[in-house]
Amino acid sequence: MAAGPHGLVGCKCVVVKIGSALLVDDASGQVRRTWLDALTDDVAALVKAGTEVILVSSGAIAVGRRHLGLRSGNLRLEEKQAAAASGQILLAHAYQEALARHSVTVAQILLTLGDTEQRRRHLNARNTLMTLLRLGAVPVINENDTVATSEIRFGDNDRLGARVAAMMNADVLVLLSDIDGLYTADPKRDPSAEFLPEITAITPEIEAMGGDALPGYSSGGMVTKLAAAKIAVGAGCKMVITDGRRMNPLDGLSNGQRASWFLSDVEPRTARKRYIAGALQPQGRLRLDDGAVKALKSGKSLLPAGVTAVEGNFQRGDSVTLLAPAGEEIARGLAAYSASDASRIIGFQSGDIEARLGYRGREELIHRDDLVLM
């Protein structure tokens, strides 16, 4: 893949959201295997080049309803959930087969918006995804329609993709759609609508350009794509909308394929640090020794051995304040342990954690990616 002006080559992490209308044939209810093979060829090329790729896939209901014989009309909520339960297996198998051609391992994760928005569930999901990526796997995230209710009714998979991108500090969120980008009006209804190749700010005028979703399995529409753009851009992640109906859509994107790019003026890591520093109310405090203070200032994580006291009643994933020996605040971060567990491991080496707690947790009390100096 050659890099275009806003290409994917060189990105550390890319999240790709795939809609039902692209993945599933409307007439047969079957996965479009030729299209999926072409897409996964692109994914494998990115992985080979060193880019972490996460797929957020719709389509479980569309595939599962045919498999269960639910062929006509609108489905009741419980029928959609049943279709999702059946379709998720079929989709996971399709992705596994497609990427196995490149010897790339696939892992399925079922998420809802709540899993990305509630801090402790967010932390669990993020840690699992980070581990999978470190092990060379491509996570395929399906929205957990079997238990979700609001998402399954309103079709918020674009926003789920944006939450995953924000959670993982992704460089780019790719929304593969049946349209090649954002227009000043719906080009299917207004022939004079103008195409917007680059959006530097999501203004009320830009938001007003969204329209209703068209009939069919795809429930997103431009409204949810613009909502996703606000989340992604705010997290320092660029977002792109492009026509995914062509073969090899990611390769085309990296080679200047027509698309609308939503730009951010901050880096993903910077945006996350801002969030930790200012958006969360600290639930406790950790007092550090001089060695820990020096380690943090040199860019290292906070280890249990450098903590002298635990104050407050925080839970895993909560924000805590870090205090120097004299009592001044020097940092804030997201705790990898609850206050009760932290109290049992402070002053000890990381290798002692399992013996102290009875389970093997993270080596760091606060990882450097979850910590910001004040």
Cut-off 10 angstrom, C-alpha nodes, Gaussian network model of the chain. Which of 249, 139, 325 fluctuates the most?
325
Given charges of +1 on the Cβ of Lys and Arg and -1 on the Cβ of Asp and Glu, with all other atoms neutral, how large is the dipole of the chain about its Cα centre, in debye to the nearest 20?
680 debye
Given springs between every Cα pair under 10 Å in a Gaussian network model of the chain, which of 250, 135, 123 has the largest fluctuation?
135
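At 0.36 nm per residue, minus the direct Cα-Cα distance, what do residue 208 and residue 354 gain on full extension? Give it in nm, one decimal, please. Walk me through the intermediate numbers first.
Working: separation 146, 0.36 × 146 = 52.56 nm, distance 5.41 nm.
My answer for the length gained is 47.2 nm.
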Spacing of the two label points (7 Å from each Cα toward its C-beta) at residue 198 and residue 274, in nm:
2.0 nm
Once you've got the GNM for the chain with C-alpha springs shorter than 10 Å, pick whichever of 70, 90, 303 has the biggest mean-square fluctuation.
70
Apply the Karplus parameterisation 6.51 cos²θ - 1.76 cosθ + 1.60, with θ equal to phi minus 60°, to every residue of region 62-74 and state each ³J(HN,Hα) to the nearest whole Hz, in sequence, with x for glycine and proline.
4, 6, x, 5, 5, 5, 9, x, 8, 9, 9, x, 6
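Based on DSSP, what percent of beta bridges with both residues in the chain are antiparallel, to the nearest 5? It would help to have the intermediate numbers written out before the result.
On the way: 21 of 53 bridges.
Looking only at bridges with both residues in the chain, the antiparallel portion is about 40 percent.
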So if I place +1 on the C-beta of Lys and Arg and -1 on the C-beta of Asp and Glu, and nothing else carries charge, what would the dipole magnitude of region 64-119 be about its Cα centre? I want it in debye, nearest 20.
220 debye
Farthest toward positive dipole pole in the chain [+1 Lys/Arg, -1 Asp/Glu at C-beta], among 366, 28, 203:
366
Which ³J(HN,Hα) values in Hz, rounded to whole numbers, follow from the phi angles of region 269-274 under the Karplus curve 6.51 cos²θ - 1.76 cosθ + 1.60, where θ = phi - 60° and Gly and Pro get x?
5, 5, 4, 5, 4, 4
Lysines with Cα under 20 Å of residue 188, excluding same-chain neighbours fewer than 8 positions away
225
Residue separation times 0.36 nm, minus the C-alpha to C-alpha distance between residue 30 and residue 178: what's the value?
51.5 nm
For the chain, the longest stretch holding no trypsin sites (Lys or Arg not before Pro) located in a DSSP loop with at most 12 other Cβ atoms within 10 Å is which?
259-359
Backbone HN-Hα couplings from phi across region 359-373 [Karplus 6.51/-1.76/1.60, Hz, Gly and Pro as x]:
8, 8, x, 6, 6, 9, 6, 9, 6, 4, 5, 9, 9, 9, 6
Might you report the magnitude of the Cβ-based charge dipole of region 280-373 about its Cα centre, with Lys and Arg at +1 and Asp and Glu at -1, to the nearest 20 debye?
80 debye
Fewest Cβ neighbours within 10 Å first, please rank 58, 340, 72 accordingly.
72, 340, 58
Just to verify a number: FRET efficiency for residue 124 and residue 267, C-beta to C-beta distance, R0 = 22 Å, to 0.05?
0.30
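Every read-out reported here was derived from the displayed coordinates using simple, explicitly stated rules and does not represent laboratory data. As the structure is a prediction and not an experimental result, all values here were calculated from the model. Glycine gets a Cβ as well: all are built from the backbone with ideal geometry, and neighbour counts include every protein chain shown.
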